[in-house]
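Down below is the structure, laid out as structure tokens.
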Amino acid sequence: MKQLTLFDQIPTLLAGKPTPWNSGSNPQPLLLPAAKPIPGRHCESSAIMNALNYLGYPIEECLITGAGGALGFGFARGTFPFMSARNGDMREQFFAAAGIPWQKSADRLAENADFGWQQIAGLLAQGLPVVLRVDMRYLPYLYGGRYGPAYSSFGWHMICLFGIDWVRQVALVSDTAKPGLQEIALKDLHKARGSKLKVMPPEGEFYWITGKAETYEPDWQALLLHSLRLVTGYYESASLAALEHYGQDLVELESYSKPAFLLPAVLQYMAGNIEDFGTGGAAFRMLYRDFLALIAERLKATAPLAAQLAKTIASLDECITGWHEMSAACRSLGSRIKSMNRAIRAAEYQKLKTIADTIYKKERLFYTELKTCLQELQ
């Protein structure tokens with residue numbers, strides 16, 4: 001392969017045409033050999049997993065979300081209310097806990113002349129995949145070959161770049177549940193990287209793991225300890241309080257999501273936030289269960305800790321059941337609500353509250369079991 005010999009061509013990659021990604025000299029493609037990404041369940045953890053696996057790190061996706069502490073709860077009222085179920089610094093927490101070196105691009109790349117493309121090309125030339133932050137609306141392979149609708153814009157979507165063909169003006173990327181590499185025109189990828197969203201604009205951000213693994217074995221106990229401290233801390237500082245209020249948030253839905261004609265879409269969106277939109281299922285709870293199960297299998301735990309891990313997983317299974325029930329109820333109501341008057345809708349919101357209140361009790365018990373795990377481990 002000639003990837004590593006292309007580095008001296010990189011200064012010319014941006015010359016010749018007034019587009020930051022373009023190459024007037026048509027150099028050879030920068031394609032990482034034998035890249036075979038596997039589908040994942042959450043955009044950022046799957047992008048990191050595929051980059052790490054390519055570089056020889058034996059890392060499962062659930063280890064990234066789990067050690068990164070990607071489990072929490074928050075609810076933001078709005079026309080389309082957003083339910084968050086993970087922390088905002090999963091990648092930083094994971095890389096720190098795993099001891100894997102990584103680097104991030106400079107901030108506000110959208111203000112730079114070349115938008116970071118020259119550095120990205122240099123990383124590919126060194127054999128390193130690059131994780132790109134994008135607005136998913138401008139990824140045509142997700143929407144049947146065209147841009148998605150305006151409401152699909154989301155500027156914290158992560159994909160992993162494995163190659164650029166300068167002659168054909170296309171890039172090859174991995175993306176969450178999509179099998180294999182996806183092809184996207186560079187002009188579309190550039191638009192996705194520079195989307196002018198008011199909330200969470202991607203601003204051209206990218207990051208990468210700085211080198212290949214020579215020998216690497218996860219420290220299972222350290223990763224579990226890091227995760228338990230993070231997640232119990234999130235529950236104590238915010239998640240439990242937000243979960244306790246979640247039922248009332250649902251009862252008052254029409255006070256902050258007012259256009260009645262949007263209610264079917266709003267309820268489907270709420271179900272998607274729990275189940276479909278890169279959460280791995282049941283609001284990240286299924287990915288965290290996989291993490292605990294993996295740790296229980298790999299960690300040579302003492303008998304008390306092994307028994308407590310089993311209790312914690314069983315408690316989390318109850319939470320997962322509750323979240324599946326909530327998403328199913330939101331979908332069902334969304335399909336029926338158009339024909340309901342206000343009084344009937346209010347009664348249906350009370351049913352959602354009953355489910356939410358039960359979820360809160362289950363989540364509180366899970367937190368208690370998680371806390372006991374932490375005490376056993378310390």
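Bear in mind these aren't lab numbers, they're just calculated from the coordinates by the rules spelled out. Here the structure is a predicted model, which means the values were calculated and not measured. As a convention, Cβ positions derive from the backbone with ideal geometry for all residues, glycine included, and neighbour counts pool all protein chains shown.
Restrict the search to region 128-232; then list the GluC sites (Glu not before Pro) that DSSP places in a loop and that have at most 13 other Cβ atoms within 10 Å of their Cβ.
E214
Limiting things to C-alpha atoms, what are the Rg and the maximum Cα-Cα separation (Dmax) for region 220-377, in angstroms?
Answer for region 220-377, Rg first and Dmax second: 17.8, 58 Å.
With +1 on each Lys and Arg Cβ and -1 on each Asp and Glu Cβ, how big is the dipole of the chain about its Cα centre, in debye rounded to the nearest 20?
960 debye
Relative contact order for region 220-377 using alpha-carbon pairs under 8 Å, separation at least 6, rounded to a whole percent?
Normalised by residue count, the contact order of region 220-377 is 40 percent.
Is it possible to state the helix-based mean residue ellipticity at 222 nm for the chain, with each DSSP H run of 4+ residues giving -39500 (n - 2.57), the sum divided by total residues, to the nearest 500 deg cm²/dmol? What is it?
Helices in the chain give a 222 nm mean residue ellipticity of -15000 deg cm²/dmol.
Roughly speaking, what is the centre-to-centre gap between region 173-211 and region 229-296 when only Cα atoms are used, to the nearest Å?
25 Å
DSSP loop (so not H, G, I, E, B), at most 15 other Cβ within 10 Å: list which trypsin sites (Lys or Arg not before Pro) in region 177-226 pass both filters.
K196, K198, K212
At a Cα cut-off below 21 Å, give the lysines reachable from K300, other chains included and same-chain residues fewer than 8 away excluded.
K311, K371
What residue among A121, A76, A356 shows peak mean-square fluctuation when the chain is described by a Gaussian network model with Cα springs under 10 Å?
Highest fluctuation of the listed residues: A76.
Just the C-alpha atoms of the chain: what Rg/Rh do they give, with Rh taken as the Kirkwood radius?
1.01
How would you order 302-315, 58-71, 163-176 from highest to lowest mean count of nearby Cβ atoms within 10 Å?
Working: 302-315: 15.6, 58-71: 25.8, 163-176: 20.7.
In descending order of packing, they fall as 58-71, 163-176, 302-315.
Between S84, S227, S339, find the one with the highest GNM mean-square fluctuation for the chain; connect C-alpha pairs within less than 10 Å.
S339
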